[in-house]
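This report concerns only the one structure given below.
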Amino acid sequence: MEVKALELLIHGRVQGVGFRANLCATAQALGLVGWVKNLEDGTVEAWVQGDPPALDSIVEWCWIGPPASKVMEVHVQPVNPGAFQTF
């Protein structure tokens, strides 16, 4: 299985709306590993790693987010895979 990794920066109303918890649950359901955190500027940053179809799915999910969110932009940057075991 080919493993790839992406760094995601999600802009919009993405803090205080359950975005991180939902992203984490969705990533785990897709078999991805990595992490997610809020940044001081109001964005959410995530590092996701796994097989390319699952990565495509999580990027698509990030554009939608949970119901209370309003995603304005998702920056996707390919990165080198890390040694993550969980999300």
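The values are calculated or read from the model by the stated rules, or taken from the named source; none is laboratory data. What you are looking at is a predicted structure, and each value in this text was computed from that prediction instead of being measured. All Cβ positions, glycine included, derive from the backbone under ideal geometry; neighbour counts span all protein chains shown. When the accessible area is computed, the model is the full protein with side chains, heavy atoms only, and any ligands, DNA or RNA have been set aside. Shrake-Rupley method; radii C 1.70, N 1.55, O 1.52, S 1.80 Å.
Once you mark the GluC sites (Glu not before Pro) that are in a DSSP loop and have at most 15 other Cβ atoms within 10 Å, what is the longest gap between them in the chain?
The answer is 41-87.
How much accessible surface does residue 63 have with a 1.4 Å probe, in Å² rounded to 10?
Surface accessible to solvent at residue 63 totals approximately 120 Å².
Using a probe radius of 1.4 Å on heavy atoms only, what accessible surface per residue do you get for the chain? Whole Å² is fine.
The answer is 56 Å² per residue.
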